[in-house]
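First comes the structure, then the notes that go with it.
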Amino acid sequence: RDVTVLSDSHDHDHDHEDHAIDPHLWLHVGNIRTIAQDLSAALVMRAPEHRSLFQSNLAAFLDQLDQIEADIKSRFQPSDPLRYMAAHDSFQYFDVKYGFQLAAVVTGSDGHEVGPKTVAKFIADLSKTPVSCLILDPREGAALAQQIATDLAIPVIELDPTGDAMDTTRNDILGLLRETAAAFDTCFDVNTAAAQSQ
């Protein structure tokens, strides 16, 4: 079955070559749907006597997934300038699906932070073409990213693309999808509110 896999094709100003495949494929609704269907089919093959249970669970899961996708689509308008920066490039699937633009990345796929010349350049660039927020994985604690956000006077929004930082009672793929949508919603709402107050 086809699962969407993205290469790092964003126009980031890195100090190094970065052509990695984005491994965070669970942040694409279509991928989640495909994986769930394939898992259900595999379970049916393994335990055909429970076919009706597996199919019922799949139907309920896909119904929730459809509701979440509809909610996410209603939050974001493609015509809006939905620009943000991140400490690490983890959200390509959301970018592509919902029209976000990742303007700058502080940490490359090799785990190294960008160099001083690159930092100076994208602070200058982002000062002219603002971004809404900095998305920061709370597990990384990137001091450089925090400093850049302070210099640009943009909010820092914590978001873990793996769900590890979530409440264990909600640590599931649908919860992670909701959490991701809510974080970006906060990011872009903050930007809208700031623009209106100027």
Residue among THR150, THR162, THR118, THR169 that alone is assigned to a helix (DSSP H, G or I), open to solvent by 10 Å² or more (accessible area, probe 1.4 Å) and at pLDDT below 80: THR169
Residues within the stretch 24-56 that are touching a strand residue (DSSP E or B) at 6+ places or on another chain (Cβ under 9 Å) and polar (S, T, N, Q), tallied: 0
Residues of the stretch 28-50 classified as more than 28 Å from THR162 (Cα to Cα) and either of a type in the set (Asp, Glu) or modelled with pLDDT under 95 (or both), total: 1
Of all residues making up the stretch 22-68, the number that are free of Cβ contacts under 8 Å to residues at least 24 places away in the same chain, part of a loop (DSSP other than H, G, I, E, B) and open to solvent by less than 70 Å² (accessible area, probe 1.4 Å): 1
Subset of the stretch 57-106 that is of a type in the set (Ser, Thr, Tyr) and closer than 19 Å to PRO130 by Cβ - its residue that is modelled with the lowest pLDDT: SER79
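The values are calculated or read from the model by the stated rules, or taken from the named source; none is laboratory data. All values derive from a computational prediction rather than experimental measurement. Heads up, the Cβs are rebuilt from the backbone with ideal geometry, glycines too, and the neighbour counts pull from every protein chain shown. Ligands, DNA and RNA are excluded from the accessible area calculation, which covers all protein heavy atoms including side chains. Shrake-Rupley method; radii C 1.70, N 1.55, O 1.52, S 1.80 Å.
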